[in-house]
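Student: Got a structure here, written out as structure tokens. Questions coming.
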Amino acid sequence: VELLRAERARCHARLGFGSVIEYADRLFGYSPHTTEERLRVARSLENLVNRAALVSTWLEPFAPLELHAATSVPNSPCKKPNLA
């Protein structure tokens, strides 16, 4: 994730490196493949977090309905939570 931040901030250019690949090689000893993979995974994780936040906002309005449905069914194994 830090490497992705460094790429976006263009740290490599500020420090005189031609690319983020060269930056990661010189500073951390990463091969070009390793750098690309780390950036790919960081982007995927960022995307996953953004999607999870989006889904939670979609589901939020339905939470009271789920609670009502689970607690209003006779002999339901779900119990109404103690909100006190």
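Student: Determine the sum of side-chain charges near Gly18: Lys and Arg each +1, Asp and Glu each -1, restricted to other residues whose C-beta is under 11 angstrom from that of Gly18.
Tutor: -1
Student: Moving on. Sum up the charges of everything whose Cβ sits under 13 Å from the Cβ of Ser31, counting Lys and Arg as +1 and Asp and Glu as -1, but leave Ser31 out. Please report the intermediate quantities before stating the final value.
Tutor: Values: positive: Arg26, Arg38; negative: Glu22, Asp25, Glu36, Glu37.
Overall, the nearby charge balance is -2.
Student: If ligands, DNA and RNA are left out, what is the accessible area of Glu36 with a 1.4 Å probe, given in Å² to the nearest 10?
Tutor: 90 Å²
The values are calculated or read from the model by the stated rules, or taken from the named source; none is laboratory data. Small disclaimer: the values here were computed from a predicted structure and weren't measured. Because the Cβ atoms are built from the backbone with ideal geometry, glycine has one as well, and the counts that use them run over all protein chains shown. What goes into the accessible areas is simple: the full protein's heavy atoms, side chains included, and nothing from ligands, DNA or RNA. Shrake-Rupley method; radii C 1.70, N 1.55, O 1.52, S 1.80 Å.
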